[in-house]
Every structure is written in C-alpha cells, then in structure tokens.
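To keep things clear, I will list the structure first and then write my remarks on it.
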There are 2 protein chains.
Amino acid sequence: MTEEEKKEGVAAVAEVSNKQVVLKAYITDGRAPRKDDMAVTVSTLPELKAPKGSGGFLVKNLYLSCDPYMRGRMRPPSPASYIPSFLPSRPIEGFGVSEVVDSDNPEFQAGDFIAGMTGWEEYTLIQKPQQLRKISRNHAVPLSYHLGLLGMPGFTAYCGLYELCSPKAGEFVFVSAASGAVGQIVGQLAKLEGCRVVGSAGSATKVEMLTSKMGFDAAFNYKEEADLDAALKSMVSQHAVTDSGPGIRNISNVIVKRIKMQGFLQSDFLHLYPRFLDHVTAHFLAGDIVYVEDVDDGLESAPAALAGLFTGENIGKKVVRVVPPESRNSMN
Amino acid sequence: MTEEEKKEGVAAVAEVSNKQVVLKAYITDGRAPRKDDMAVTVSTLPELKAPKGSGGFLVKNLYLSCDPYMRGRMRPPSPASYIPSFLPSRPIEGFGVSEVVDSDNPEFQAGDFIAGMTGWEEYTLIQKPQQLRKISRNHAVPLSYHLGLLGMPGFTAYCGLYELCSPKAGEFVFVSAASGAVGQIVGQLAKLEGCRVVGSAGSATKVEMLTSKMGFDAAFNYKEEADLDAALKSMVSQHAVTDSGPGIRNISNVIVKRIKMQGFLQSDFLHLYPRFLDHVTAHFLAGDIVYVEDVDDGLESAPAALAGLFTGENIGKKVVRVVPPESRNSMN
C-alpha cells in the first residue's frame, strides 16, 4: 500500500507479488523468436482472491507449455491470423496446468486442477476460460503430461493420424520432427495400429531416442542426410518463416507422387477430446506409450525455453515448471 | 529405293515421306521449352502399310495435343519420372486423334478414328496402344475435342473435381489457369453442380472469356492483382521449375486455412473414363458446356505451339491440326 493509503487509513491488505514473462515488442520480420524478445517482470496482485462479481477464478500456474505455434502470436495483429497476437508488455499466454486458488465461478473451486489457456506468470485471473478442462487427478499420470501427451500436442497427433490419415496395418508412416511434442505420439500411435514408422529429427540423441525408447522402426538425422531435398529439411524451422527462406521448390512432387497435404488445427476437432483422452490415457497406463518431456524450472527460464524450440534445443516436449515440487502444498 | 536395290531387281515400291517433329536434345536445367528445342525433319516410310506380323496399325495423324506435362518428358531419363523421357532425334509423343490407314491388328481397321498416344509426325505405326480408344464419330462433336473436352484434359478436370473435391451446391470453387485445357472444364462442371466459381488467368482476353463465354461468376488477371501472393502467381509457369525460382513460401497457410492439397494423375482413374465420356458428352450436346480451342495448322507450327504453353500464348486448349480439312478424304 502507498504512503497515501496509509495516511487515509485504508485497511492494510498484504499485496502479493506476481512474476510475469512479457513480450517486449512484436517481431516484425520472419526470424525466429529470441529469448530477449521477452522480459521477466514483477507486478502485484492486491490479494489472492478472485474479485467478487467477476465470475472468474484465480489460479496458481504450475506448468507452462512451450509450443511452436506461439511464434504466430508474436506477430503484429495485422494481418489477423487464426489466433490473436499477444499484447506487448503483457504476460504471454499459453497452455498451462494450474491450481485454482480462489473462485467467483460456481463451476470451479479452490483446489481444482485445470489445464487450459493461462498466463506466463505466477497467478492468473481467468475470466473467459479457453479450451479449459478440469483434470481428474490420477497420480500415475504426471500433471505436466496434460500439456503434452494429454494436451494440445497429443490431441493434434491423434486428430492428424486418425481423422486425416486413417492408418491401416502395414502402411508406412513417416513423421518429421518425430521426437517433438506431437511427433513422438504420432509415431507411437501409428505403431499401435500396426504401421511401419520412420521418423526424422535433428540430432543423434533424438534419433537414438526414437528407435530405442519410442519403438520407431527407423529414424534418421535430417541434418546429416546428404540426399534429402528441401522438403525434408524444412520442418519446425519453417515456423518462423514469412517471406524469407528458400520456400518449397519441389511442389510438383505432390502431383507425381499423388501426395495429399492437408492442414488442420486441433481446435477443429474438440468434440473428439474425450475419446482422445480415454484412448491415450489407457495406452499410457498400459505401458504402450511413453512420453519424453524436457522441463526447465522457474519463470526466469521460460524465454530461453520458448526460443530454444526454434533451434531444436529441446529433447521432447518443452515444459516450464513454475513452482518446484518442494514448495507446493498439494500435488506431486 | 536405293541404287543397290534397283541393281538387284527388287520390285519398285513408292516410298512415302513422313514429316516429323523431333526433340533435338534434352533440356538439362529448369527452363521452359523453346521452339528451337525441337526440329521438323522428314523421314520416309517404305509404304502406307502396317508390316505383316507386327500386330500394329498405321495411322495418319490428324490432330496433336500440346500439353504442359510434356515438358517432363524433355528431361534426361535419370532420375526417372512417372512417364519416360522422349528419345532425342525421335518424334515427340503425345495425345493425338488419328485415322487408321492400314492394320495388322484385328481390333482396328482402316477408316477407324482413334484417340491416344501417337507420334508428332504425319504417320505413326502403333504397336503398343497406350490409353487409346476408338472414337464413335458424332458429327456434333469436333474430332479435335477428343484431345481436350473429351480427352486427357477433360478427364483430368472430371477426376479432380468429382473424385478429389466432391463439390456441393453453394460451395466456392477457385480455378487457376482457368481458361486452359483443364481449367475451363473444371469451372463449367462446378457451375453445373451449383457452385460459385472464380477463375484466374494471365490476360484480359482470357479473363473476359471466362465470365462472358464460360459462365464463371468472377475472374481476374493474376498478373495484374497487386495483393496476390506467390502461391497464386505460380501456376502453369511452375511446370518448368526444378530447383530454380522462388518456391512456395507461404506453405504455413495450408495449416491455418485448413487447406487440402492433393496430387493426382488422371491415369489413376481410367476406370471412370466411360462415365466421364457419357457425362461430359451429354452436357456438351445439351449446350451446357462450351470448349475453346486454339488451333495451329501444320506440323511446322508444332514446336512454337508447345513452347507457347509456357508463356501463356494459347487461349484455350492448344491443338495442332496436322492435315487441313480440305486435303482429307473422310472427315469433317
């Protein structure tokens, strides 16, 4: 409270500091994000409460998800994309796993765990829940897996494989960025369908992981294969490209090789989310699917964690753990 | 006959000259074909007969089709593509409409009209018929239309529209290269399905033709639209590209706009050819579909006719008429 408030005799309330990761300014060219595009700042909350009448609820963020699509939100708001740009100087938004601290919404209560869109900060007041679900706690499933295996990336893998590709036993499946948040699930689900699965990734460690840990039939390092053309070399690295870079020059292969290239967003298929959760959770609990995460600790690590996606530094799904386990009250 | 044959007393037979369009040499870079990549030469046939025991039949070629895919056959034979390279110094091959002159094959008789793969020459001995069909003469359908409306381009339009796109009334259909051999049919078939159809082409004349003659709802000149990106500007011009040129840089639109890009070859669907012929012939005879051809006379015009496809000089389906109507015996 300010000196003025003290003079006026306002009742003293303990303010709470709220560390945040903010976007400093929009990236106006086609480059990949850098950690210094973001800054870690500290703001304050008047108290750990959801304001009465707000209809919202205050959450403590536990895990934050670093995803390549977030690059698109670092662009200026015009021309508009499928998802709004971030606001400069405001906390970055992304998928997170959070615990409800206080609620003015009858559907959520303190102690509930949720996964959905939240802020890159310690505490977030959520007033318009986006793609949000309550987590049924199952101690066999790490909470952070709700950002990957059971979150948007896993659901993307599920929709792409089953809804667009309809794999049949014996078919060949090739997965690029195969050790990433989505790719590792695509490959393992395809193996469960009886497909022969080949993956590519950008380091020897990742390639080894694909065959030894995730059961891919074969894998290769696309940076070291001399005879691969531009199409195979442009994978996650293309996320930042606007009008620079080489582009895809062998597009005529789409005709000659009868290729179907189909774009989708997981959000087009949200009605399938419950079926996805049942399917993948069951296979995970049965030991049929493994999931590799790459976890950094603390909000201070978040800018480098996000930027590292675009240089391939993460091995598996990149997650920022906001609150170290030893300082929590109520969870694993 | 040679001097030696005369000395040996061989019976004199009237040789027949056979003008041919040959490929001079393979095009080894990514450029478009030029008319001087081809030459017009004259060879001879001993007589206008299919050799006994050959199982083949000799045809007189009436119309030859100029198609963009033929650029792919001007490449060196390695790496192999879906269709073999032409042979240097030998007549170019392509779709043609021909009349059987003599036959050693019981399925074909002198006087039959056929459409299928033939040589760019006056007479061709066909021993292995490829995608060949006899034409049931209907004087309401110009013979040359069997190269376009009722030939490979029309069938490509039919397969692409019905088998891959499954148009429904009220949907929007965009056709690039819309005044070309395939595009004009795609647009008119889509209109018959109740779609709203927009086409792009490369000149004011072509654009005007799309709306005034072919019933497109709207059309524009892609060379004059300032706000079109690289994807719209790379149409037939991309046929010659190998690894030069700008490539496609806005491929991320495939995801955001949920685009399905699917390659196919009409030859994958040949079982549908009879159904296509019935469908399109009926609509043509009913006056629902028009077809615009751009016809040049004489084999001498063929090299420039083929090269002109890649600079957009043709207005409609490009055809070379080998034999002017006044010098024929038996057809329109």
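Do you know which residues across region B:90-117 are in a loop (DSSP other than H, G, I, E, B), out of contact with any Gly (no Cβ under 8 Å at 6 or more places or on another chain) and buried (at least 20 other Cβ atoms within 10 Å of the Cβ)? Within region B:90-117, B:PHE108 is the sole residue that qualifies.
Is there a residue being surrounded by fewer than 16 Cβ atoms within 10 Å (Cβ to Cβ), more than 15 Å from the chain's Cα centre (by Cα) and at positive phi anywhere in region B:123-135? No, that holds for no residue.
Out of A:ALA177, A:ALA181, one residue alone is part of a loop (DSSP other than H, G, I, E, B), closer than 22 Å to B:ARG258 by Cα and in contact (Cβ under 8 Å) with a residue 60 or more places away in the chain. It is A:ALA181. The set of residues from region B:249-262 being crowded, with 19+ Cβ neighbours inside 10 Å and modelled with pLDDT of 75 or more comprises just one member, B:ILE251.
Determine whether A:ALA305 is at pLDDT 95 or above and farther than 16 Å from A:HIS146 by Cα. So A:ALA305 fits the description; yes. Among (1) within 14 Å of chain B (Cβ to nearest Cβ); (2) free of Cβ contacts under 8 Å to residues at least 40 places away in the same chain, there is one condition A:THR44 misses while meeting the rest; what is its number? Going through the list (1) within 14 Å of chain B (Cβ to nearest Cβ); (2) free of Cβ contacts under 8 Å to residues at least 40 places away in the same chain, A:THR44 breaks only (1).
Using the structure shown, decide if B:ARG133 is closer than 26 Å to B:GLU99 by Cα and among the charged types (D, E, K, R). So B:ARG133 passes the test. Taking the stated definitions as given, is A:ILE92 modelled with pLDDT under 95 and not acidic (Asp, Glu)? Criteria not met by A:ILE92.
Pairs meeting the criteria (first residue in region B:253-264 and more than 7 Å from chain A (Cβ to nearest Cβ) and within 16 Å of A:GLY72 (Cβ to Cβ), second residue in a helix (DSSP H, G or I) and among the hydrophobic types (A, V, I, L, M, F, W, C), beta carbons under 8 Å, at least 6 apart or on different chains) are B:ASN253/B:ALA231.
A:LEU87 falls short of the stated requirement of being of a type outside the set (Asp, Glu), touching a strand residue (DSSP E or B) at 6+ places or on another chain (Cβ under 7 Å) and assigned by TED's automatic domain parsing to the domain that holds A:ASP104.
Considering the conditions (1) within 18 Å of B:LYS317 (Cβ to Cβ); (2) assigned by TED's automatic domain parsing to the domain that holds B:VAL182; (3) among the aliphatic types (A, V, I, L, M), B:LEU164 is excluded by exactly one of them, (1).
For region A:291-323, what are the residues that are more than 13 Å from A:TRP120 (Cα to Cα), of a type in the set (A, V, I, L, M) and surrounded by 22 or more Cβ atoms within 10 Å (Cβ to Cβ)? If the condition is that a residue be more than 13 Å from A:TRP120 (Cα to Cα), of a type in the set (A, V, I, L, M) and surrounded by 22 or more Cβ atoms within 10 Å (Cβ to Cβ), then A:LEU309 is the only one that fits.
Against the numbered list (1) at pLDDT 95 or above; (2) facing chain B (nearest Cβ under 7 Å), A:GLY287 comes up short only at (2).
Taking the criterion of being modelled with pLDDT of 60 or more and more than 7 Å from chain A (Cβ to nearest Cβ), the only residue of region B:229-248 that qualifies is B:MET235.
The values are calculated or read from the model by the stated rules, or taken from the named source; none is laboratory data. Note that the structure is predicted; figures quoted are calculated from it, not measured. So basically every Cβ, Gly included, is an ideal-geometry build from the backbone, and we count neighbours across all protein chains shown.
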